[in-house]
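Colleague: Here you go, one structure.
FYI, it's all coordinate maths here, none of it is from the lab. Nothing here was measured: the structure is a model prediction, and the numbers come from that model. Cβ sites come from the backbone with ideal geometry, for glycine too, and all protein chains shown count toward neighbours.
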Amino acid sequence: MPTNHNIENALNHLITMPSTNKQILFAGNQPAPPQLAYQVDFPRFEFVLEGELSMEVGNTGPEKILTSLTPDKILFLPDYSWNKPQWDDPVTTLSLLCGRQAIGLSLMHWDGTAFEAPEKLSIPRRGPRVGTFIVRALNELSWHPEDQATALLLVRSLLTNTLDLLDHPPETPSQGHAVFEAIRDYIDNHYQEHLSRESIAAEFYISPNYLSQLFHREGGIKFNDYLIQARLEKAKYLLKQYDMKVKEVAYNCGFSDSNYFCRSFRKKTGRSPSEYRVQYRSH
């Protein structure tokens, strides 16, 4: 692997690089990914440190994109987006994966014929998962790719947060915090089901009152507020990506009452679901 290329040095290099002439590319999930393409259910970033990497990339429209990733370009892949690298020429890459509880980093070097042993790290997130909200903002900007200056600042903020986590790892969480994170992940993965404070408490063998205390103490949020927030985030994704009726979106996100869904959506975003879709489709 090229001299001085380890994960910490790579992060420092990316953070301190001038943003002049840098560009962020936004991937999508259309059309269906080809064989051997990379596609996962969480956001990720691809950086080229040295060399050039050709690849096919999913798009928000019906056509795939053929692009060449170089050190002056950053590829952001929202949930379920895909890419398929074509390992032709020597190249050094850094992948950053935004998991729900940890950030994954993978530094790889392809010498033109084979991969050197990659360096990989997994860093637990800290506190309110600052990186999550940065990624959410980038998801929104994927519908406004012309706003490169803001997108670049957000990526640099995420890299800085990742380097800080690497230099100052968070303390091992308490048992209560671990249970809270497990419940939050359960909600994020089962949002479309009929969930209640009582049903989730039973799933984790705790009392409903203790569950409420966990969300108040560990997350600073009420259980019902978090459940609605998780469902609305999924609803925003469905509204942008699919031509589903509002009632279908509500049902697929766990809302049994579409009127309640519309009221909650407007309270959260200031727009109705239909207005939200029209605004983003217009771009």
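Colleague: Using the Cα atoms of region 168-208, I'd like the radius of gyration and the largest Cα-Cα distance, Dmax, both in angstrom.
Modeller: That works out to 12.1, 39 Å for Rg and Dmax.
Colleague: Within region 63-100, list the trypsin sites (Lys or Arg not before Pro) lying in a DSSP loop whose Cβ has at most 15 other Cβ atoms in a 10 Å radius.
Modeller: Loop-located and lightly packed - 100.
Colleague: So if a site counts as exposed when it's one of the GluC sites (Glu not before Pro), its DSSP state isn't H, G, I, E or B, and it has at most 14 other Cβ atoms within 10 Å, what's the longest stretch of the chain without one?
Modeller: Formally, the longest exposed-site-free interval is 194-283.
Colleague: Please give the helix 130-141 orientation as an angle from the longest Cα principal axis of the chain, in degrees from 0 to 90, rounded to the nearest 10.
Modeller: Helix 130-141 sits roughly 80 degrees off the main axis of the chain.
Colleague: Can you give me the Rg/Rh ratio for the chain, using Cα atoms for both radii and the Kirkwood formula for Rh?
Modeller: Value, to two decimals: 0.99.
Colleague: Using the basic label-point model (7 angstrom from Cα toward the beta carbon), what is the residue 136 to residue 67 distance in nanometres?
Modeller: 2.5
Colleague: Sticking with this structure for a sec: Could you give the length gained by full extension between residue 266 and residue 243, i.e. 0.36 nm per residue of separation minus their alpha carbon distance, to one decimal place?
Modeller: 6.4 nm
Colleague: Something else now. For residue 23, what charge total do you get from the other residues with a beta carbon under 10 Å from its beta carbon, if Lys and Arg give +1 and Asp and Glu give -1?
Modeller: Summing Lys and Arg as +1 and Asp and Glu as -1 gives +1.
Colleague: Only loop residues by DSSP count here, and only those with at most 13 other Cβ atoms within 10 Å; note down the chymotrypsin sites (Phe, Trp or Tyr not before Pro) in region 1-59 that meet that.
Modeller: Filter output for region 1-59: empty list.
Colleague: Separate question: What does the charge add up to near residue 71, with Lys and Arg as +1, Asp and Glu as -1, over the other residues with Cβ less than 10 Å from its Cβ?
Modeller: Residues close to residue 71 contribute a combined charge of -1.
Colleague: Another one. Using only Cα atoms and rounding to the nearest 10 degrees, what angle (0 to 90) does helix 148-167 make with the longest principal axis of the chain?
Modeller: Taking Cα atoms only, the helix is inclined about 90 degrees.
Colleague: Right, next: Where does the charge balance sit around residue 212 when Lys and Arg score +1, Asp and Glu -1, over other residues with C-beta under 12 Å from its C-beta?
Modeller: Once all neighbours under 12 Å are counted, the net charge is 0.
Colleague: Evaluate region 7-167: find the radius of gyration of its Cα atoms, find its Kirkwood radius, and give the ratio Rg to Rh.
Modeller: In region 7-167, Rg relative to Rh is 0.93.
Colleague: Is any residue of region 82-105 close enough, with backbone N under 13 Å, to a label point placed 7 angstrom from the Cα of residue 41 along the Cα-Cβ axis, and if so, which?
Modeller: 100
Colleague: Moving on to the next point. To the nearest 10 degrees, how steep is helix 7-16 against the longest Cα principal axis of the chain, on a 0 to 90 scale?
Modeller: Rounded to the nearest ten degrees, it is 90.
Colleague: Can you compute the radius of gyration and Dmax for region 1-76, using only the Cα atoms, both in Å?
Modeller: Both quantities, over Cα of region 1-76: 13.9, 41 Å.
Colleague: Follow-up question, since we're still on this one. Can you figure out the FRET efficiency of residue 126 with residue 274, using R₀ = 35 Å and their beta-carbon distance, to the nearest 0.05?
Modeller: E between residue 126 and residue 274, to the nearest 0.05, is 0.40.
Colleague: Whole number please: convex hull volume per residue, Cα atoms of region 130-198, in Å³.
Modeller: 102
Colleague: Figure the gain on full extension for residue 259 and residue 224 (residue separation times 0.36 nm, minus the Cα-Cα span) and round it to one decimal in nm.
Modeller: Working it through step by step, the gained length comes to 10.9 nm.
Colleague: Still on this model: Which whole-number percent of Cα pairs in region 77-143 have a distance greater than 13 Å?
Modeller: 72
Colleague: Additional query: How big is the charge dipole of region 175-281 about its Cα centre, in debye rounded to the nearest 20, if each Lys and Arg gets +1 on its Cβ and each Asp and Glu gets -1 on its Cβ?
Modeller: The calculation lands at about 660 debye.
Colleague: Please report, in whole Å, how far the alpha carbons of region 175-281 spread along each principal axis, starting with the longest.
Modeller: On the principal axes, region 175-281 reaches 44, 22, 21 Å in Cα extent.
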